[in-house]
There are 4 protein chains.
Amino acid sequence: MDNIDAVGFIGLGQMGIPLAKNLLKTGYRLKIYNRTSNKAQCLVEMGAEVKSQPLQVATEVQVLMTCLSDDRALVEVLGPDGELAKALGPGGIHLSMSTISPKTATRLAKQQAGFGGYYLSVPLLGRPDAVAAKKHAFLLAGDVLAKKQVETMLKTISAGVFDLGEEPASANVAKLALNFLIAAAIEAMAEAFSFATKNDTDPKAVFNTLAGTLFACPVYQNYGRILLEKTYEEPLFKLGLGLKDMLLIAESANTSRTPMRFLRVLEDRFLAAVAHGRADMDWTAINDDVVSEAGI
Amino acid sequence: MDNIDAVGFIGLGQMGIPLAKNLLKTGYRLKIYNRTSNKAQCLVEMGAEVKSQPLQVATEVQVLMTCLSDDRALVEVLGPDGELAKALGPGGIHLSMSTISPKTATRLAKQQAGFGGYYLSVPLLGRPDAVAAKKHAFLLAGDVLAKKQVETMLKTISAGVFDLGEEPASANVAKLALNFLIAAAIEAMAEAFSFATKNDTDPKAVFNTLAGTLFACPVYQNYGRILLEKTYEEPLFKLGLGLKDMLLIAESANTSRTPMRFLRVLEDRFLAAVAHGRADMDWTAINDDVVSEAGI
Amino acid sequence: MDNIDAVGFIGLGQMGIPLAKNLLKTGYRLKIYNRTSNKAQCLVEMGAEVKSQPLQVATEVQVLMTCLSDDRALVEVLGPDGELAKALGPGGIHLSMSTISPKTATRLAKQQAGFGGYYLSVPLLGRPDAVAAKKHAFLLAGDVLAKKQVETMLKTISAGVFDLGEEPASANVAKLALNFLIAAAIEAMAEAFSFATKNDTDPKAVFNTLAGTLFACPVYQNYGRILLEKTYEEPLFKLGLGLKDMLLIAESANTSRTPMRFLRVLEDRFLAAVAHGRADMDWTAINDDVVSEAGI
Amino acid sequence: MDNIDAVGFIGLGQMGIPLAKNLLKTGYRLKIYNRTSNKAQCLVEMGAEVKSQPLQVATEVQVLMTCLSDDRALVEVLGPDGELAKALGPGGIHLSMSTISPKTATRLAKQQAGFGGYYLSVPLLGRPDAVAAKKHAFLLAGDVLAKKQVETMLKTISAGVFDLGEEPASANVAKLALNFLIAAAIEAMAEAFSFATKNDTDPKAVFNTLAGTLFACPVYQNYGRILLEKTYEEPLFKLGLGLKDMLLIAESANTSRTPMRFLRVLEDRFLAAVAHGRADMDWTAINDDVVSEAGI
C-alpha cells in the first residue's frame, strides 16, 4: 500500500457511495462530507469520519476526492475563490471525478497550481454496479508525480487506470468522447432494431447475431438488451444527465471548431426526449422517439 | 458429415475463393464456374471440377452456392426467367450469399419455389481473412427442412450459424442492419477521434481506453486501429460497396417508412467519399472527410 | 393564335381540369380521356370531345398533353412499348406535365424520338387555384422547334414559361429542385416558429416580420400562414405526394453522387409524417412532428 | 419630429456609420464615441459631437443607441455594473441594436430597470447598403411608452418598424429566427444548385425560375445570385458572424429544449467553413463545402 494517510471524499451519490465503501474496505481512512448526512450513515459504520463542512475535510487531508453531478455543483463546493484547493495547500492533490467540461477542468487546475497543489482529472467509466464490483476503469490525467502517488489507490478500487497525459482536461475530453460513443451506439441500435421490425425481421435475432460476433462488448450487449426489453424506468444513467453530456460535448466541439454530424442528431434526440418528459428514465429511452417516428 | 453429394459454386471473388477452399479441404466435391477462369486454378488443383457455363453447374448439383457482388450480378447469373433455379429442380437448394436487397431475395425465393426448390439467404459476417480462417459467421434464413440439410456444411466452414427465421429476406435485412451498425461505428469513432485531436487530446489514448473496456469487440478494435493508422489503401471492404449497402438500406428504410437519422448522415458521407474518388479504398476512408471538415 | 388543330388531354385531376378548361376557353379544340368519365362532364359541356381509350386520343391529334400522378401512371397510359408515342407519329408532340423522375423523362424522350416525335417536359409550378387563375408558370425543356410550336399555347394559359434547355429531363430536375426548396422552406419556418414559441415570442409576430421584408414571396407568405393556422386538413398538395417527390430527388441525388443534408432531414420528416398517418393532409403537416418534438 | 433632444451613438461599424449619417441628415443632434476615432471623422463633418469616453455620451443624452458586434462587446461598453445605464438615469432609453443572445437582453433590461430606465431591443434587418438607403427594417421590443417615444425617429431612418411585444428579448429571438431562416435558404439553394449541376441542368436556369415566381423575394434573389457568381470575397455579412449567430440560436434552442434539425446542419456547415479559413468571406461561402462534397 501507499503512504496516503487519510482521504477526503465529497459527493456521496450513486457513484460516490460504492467508491467510498471500497476505499474503506481496502484500509484507507476516510473523512467525508455530504449535504444530506443520512446517506453517509453506512460509511460511518465502516469507520468513516464525518465533517460538517467541506472545508474541514480539505483542511485535514492531503488527498481529496470529489464526485459531483456537474460543473456548477463542483465549483460551488470548491468555493468561489478555490477555498478548498487553498486548504489542501502545497502538495495537496484533488482527484476530480465529476463529468465536467474540459474548460472548467483547465481553470480549476490552474487555480490549484496557484496554491502549490495538483488537480488530477479522474472521470470513471462504468455504472454504479460496476463501480461496486471494482469492475470500472479510471481515466487519469495531470501532473506525472501526483499521478504516481495515487495510482496504487486507484488501481486497488478499480479494474484499471488509463493514462491520458499531463493535461488534466484530456481525461475529461476522453470521458466526453466515450459518452458520445455510447450514445451513438444506442441510437444506431435503436435505428437498426426499428429497421428490422418494419422489415418483418425479429430484432432479437438481429441482436443475438451482433452481440455474439462483431459487437461482442459490454456497450452493445447491455444497452441492446435494455432497448429490446424497454426497461428504461430503472435508470442506471439518467437521460437528463445524458443531455447534459451531449451539450458539454457540443460546447467543446463548437469552441474547437469540430463539426460532428452524429452528435447533432443526438443533441436533438436528447432534447426531444427531455421535452417529452423522460429526463428521469435511463438514457436508452431516446429509443421511444425512434420507435414512434417509425410508427411502430 | 452430411449426405450432400456435390456442391456448385458460382462467384469466386475475395469471399468466394476462401469459402470454396475450405469446402474442398473439408471433403466436399465442388463444381465451379467463374467468368474469369484463371481465378479458379488453385481450386482445380485442390480437386474442383470447372464448368464453362453456370447452367452446367446447376444441372449437376442439388446444392448451389452463389457469392456475387450485387443484385444485378446475381440476377444475371440466375437467368432472366430463373433458368438456374429451374435446373436445380425440385428439392434443389440455392444458398445465396451475396449482400442483396431483401426485395430481390423475396422475389428469387418465390421464383425458385415455383420450380419446387428452396432459396436460402446466407449472407456472411466477416472479412476475407476471417473467412479463410473459418472465423466468420453465417446468417441463415428460409425453409426449415432445407436449412437442416445444409447446417452441418455451413458450420464446418465457419465459426457459427445464426438462424434468422423462415423468411429468406430476413437474413438480408439482418445483414444490412449489421453493415449499417458497422458504418455507424466507423463514423462515430472518426468524429470522436477528431474531437479529441482538436481538443488537444491524443486519439490513440482515447482508442486504448475504449478498446480495452466498454467497446472491447472486433468492430471497434479493428476499425479503430485502421482509422488511427489511416491504412485505407489496402481495402478489406471497398468504400464503393459500402455506398451500395447504404443505398440498399435506404431503399428498404424508405419503402418500409422507417426514418433513420444516422443512416442519412452515412448516405451523404459515402456519396461525398465516392465523389472525391475514394470508391476503391477501404470504407474507413470516409474518415478523410470527417478530418477535413474539422480542418485537421 | 398558333395553328394547332386539336389538343389531346389525358389526366383530368386537380391540375388537369383547370388546365383543360382554360384551353377550351381560349378556343382550343380538345379531345380528352379519363379513367373515370364523370370528371370530364364539365369539359364536355364546354365542347370537349370524349374518347373511350387513350389510344384514340393520340391517334387523332398532333399535340398530346398528359398530367398524371407519377412515373408508373404515366408509363401505363403510354403503353408498354410506347403505343401512344407511336400513334402520335412523326412530328407529334407529347407535352408531359407530370412530376416524374428525370430518368423516366429521358427514357420516354428517346422512345418517342424513335417514332419521329418530340417529348417535351412541361412540369408546372403552382397549386390548383393558381392554375385556374392562369397564375402558374410552366417549366419547358426539349427540342427547340417543338417548343416553338407550343409556346403560344402554353403562354396563353399561364403566367409565363421558363426555358430549361434542350434536354427534356432538365425541366424535371428543375421541378424537383423547386419542390425541394419549398419543402425546405416549410421545415425552416416550422423550426423557426417552434423556436420562437419556446422562447416566449409570438410566432405570428415573427411571421409578419419575415413575410413583410426579406421573405416577401408566395412560398413564405402562403405556407407560413398555413403553418400558423394549422389548416393542414384541406390539402392543396398532399403530404404523400411530397414524400414521393423527396424520394425522387433522393434517387437522382444518389445516382448523381450529390450529398444533400437538408434533403436527408426532409426524407425522414416525410417518412415519419406518413408513418403517423398524415399522407392525405397538406404537406405542411410535417409541422406536427416539429411541434411535437419540441414538446409544445 | 419628436422631442428627442440629443441622441448618443456608440458602435460606428458597417451598420453604425450609415445609421448615424441618416440620423444627422434628418436633423437629430448626435453625441458619439468610437474606439478608433478616425472612423467618426465623416460624422463630425456632418455635425456630430465626439466624446472621448462612452460614459460621457451616456451622461449627456436621454436616448442612447448602441450597435456592437456581440454580447461581450456590448457588456464591456456598458460597464461591469451597468455604469452607462446608470448614467442614462431615470427615464433614459437604451436602444440596443446588436445581435445578441436573448438571455443577455433580458439581463440588461432588468439592470436598466433598476436605474429607472428602459432597455429596448432594436435589432435591424438588412445589409449595410440597405441601411444607407433607409430600406432596412427595425424589430422593436420593450416598454410600450418608451417604444412610443422613439418610434418616429426609427421610422424616419428605416423602411419600417415591426413590434415584437413588451419583452425586450423577443426582438432578439425574432432576429435570430430570421438569421436562421436566411442561412437555411442559402444552404437549401446551395444544395439545389449542386443537385442541378450534377444532373446536367443549368443552375442559372433553375435560379431564374425560382427568383421569378414562388421565391421572388430579396433573400432568394440576392443570395441566389451571389451563390451562382461566387462573389463571396466581398462580404456584406461575414461568415464568422454567421457562425456566431448559429451558435447563439443553438444556445437558445438547447436551453429551451427545442430540437432544430436544419439548425444542426447549419452549425456543422459554419464550423467547417471557419475551420477551412473562410471566416472573413461572405456567409454564402458555406457553398464551397456543398460544392466540394458533390465533387463539382
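Note on the stretch A:49-90: residues that are β-branched (Val, Ile, Thr), open to solvent by 10 Å² or more (accessible area, probe 1.4 Å) and more than 23 Å from A:Ala141 (Cβ to Cβ) amount to 2.
Considering A:Ala285, A:Ala250, the condition of being without any contact (Cβ under 8 Å) to a residue 40 or more places away in the chain and either in contact with a strand residue (DSSP E or B) (Cβ under 6 Å, 6 or more places away or on another chain) or not aromatic (Phe, Trp, Tyr) (or both) is satisfied by A:Ala250 alone.
When every residue of the stretch A:128-142 is checked against the conditions, at least one turns out to be within 14 Å of chain B (Cβ to nearest Cβ), open to solvent by less than 30 Å² (accessible area, probe 1.4 Å) and β-branched (Val, Ile, Thr). Per the conditions (1) more than 7 Å from every other protein chain (Cβ to nearest Cβ); (2) surrounded by fewer than 24 Cβ atoms within 10 Å (Cβ to Cβ), the sole criterion not satisfied by B:Lys198 is (1). Would you say C:Val57 is assigned to a helix (DSSP H, G or I) and touching a residue at least 40 places away in the same chain (Cβ under 8 Å)? Taking the combined requirement at face value, the residue satisfies it. For the criterion of being more than 17 Å from the chain's Cα centre (by Cα), open to solvent by less than 50 Å² (accessible area, probe 1.4 Å), farther than 15 Å from D:Ala250 by Cβ and more than 14 Å from chain C (Cβ to nearest Cβ), A:Asn287 passes. Sort out which residues of the stretch B:18-43 are touching a residue at least 60 places away in the same chain (Cβ under 8 Å) and surrounded by 14 or more Cβ atoms within 10 Å (Cβ to Cβ), and write them in order of number. Within the stretch B:18-43, B:Pro18, B:Leu19, B:Lys21, B:Asn22, B:Leu23, B:Tyr28 qualify. Within the stretch D:257-264, can one find any residue that is of a type in the set (D, E, K, R) and buried (at least 21 other Cβ atoms within 10 Å of the Cβ)? So far as the stretch D:257-264 goes, yes, one or more of its residues are of a type in the set (D, E, K, R) and buried (at least 21 other Cβ atoms within 10 Å of the Cβ). Can you tell me which condition B:Phe9 does not meet? The list is (1) assigned to a strand (DSSP E or B); (2) closer than 13 Å to B:Thr156 by Cβ, and all the others hold. It fails just one condition, (2). Across the stretch B:203-230, the number of residues qualifying as of a type outside the set (Gly, Ala, Ser), facing chain A (nearest Cβ under 7 Å) and open to solvent by 20 Å² or more (accessible area, probe 1.4 Å) comes to 4.
Set side by side, the residues A:Gly82, A:Gly89, A:Gly126 differ, and just one is on the phi > 0 side of the Ramachandran plot and in contact with a strand residue (DSSP E or B) (Cβ under 7 Å, 6 or more places away or on another chain), which is A:Gly126.
The set of residues in the stretch D:164-181 being within 7 Å of another protein chain (Cβ to nearest Cβ) and either under 16 Å from D:Leu124 (Cβ atoms) or touching a strand residue (DSSP E or B) at 6+ places or on another chain (Cβ under 8 Å) (or both) consists of D:Leu164, D:Gly165, D:Glu167, D:Ser170, D:Val173, D:Ala174, D:Ala177, D:Leu178, D:Leu181. Taking the criterion of being of a type outside the set (D, E, K, R) and crowded, with 24+ Cβ neighbours inside 10 Å, the residues of the stretch C:162-177 that qualify are C:Leu164, C:Pro168, C:Ala169, C:Ser170, C:Ala171, C:Asn172, C:Val173, C:Ala174, C:Leu176, C:Ala177. Examine the stretch A:107-127 for a residue that is within 15 Å of the chain's Cα centre (by Cα), closer than 23 Å to A:Met15 by Cβ and open to solvent by 30 Å² or more (accessible area, probe 1.4 Å), and state whether such a residue exists. Yes; the residues of the stretch A:107-127 include at least one that is within 15 Å of the chain's Cα centre (by Cα), closer than 23 Å to A:Met15 by Cβ and open to solvent by 30 Å² or more (accessible area, probe 1.4 Å). Any residue at all in the stretch C:91-106 that is open to solvent by less than 10 Å² (accessible area, probe 1.4 Å), farther than 26 Å from C:Phe237 by Cβ and not in a helix (DSSP H, G or I)? Yes - at least one qualifying residue is present in the stretch C:91-106.
In this structure, C:Ala273 qualifies as open to solvent by less than 10 Å² (accessible area, probe 1.4 Å) and either more than 7 Å from every other protein chain (Cβ to nearest Cβ) or under 28 Å from D:Ser252 (Cβ atoms) (or both).
The values are calculated or read from the model by the stated rules, or taken from the named source; none is laboratory data. Nothing here was measured: the structure is a model prediction, and the numbers come from that model. In this analysis, Cβ positions are derived from the backbone assuming ideal geometry, glycine residues included, and neighbour counts consider all displayed protein chains. For the accessible areas, the whole protein counts, side chains as well, though only heavy atoms, and no ligand, DNA or RNA atoms are used. Shrake-Rupley method; radii C 1.70, N 1.55, O 1.52, S 1.80 Å.
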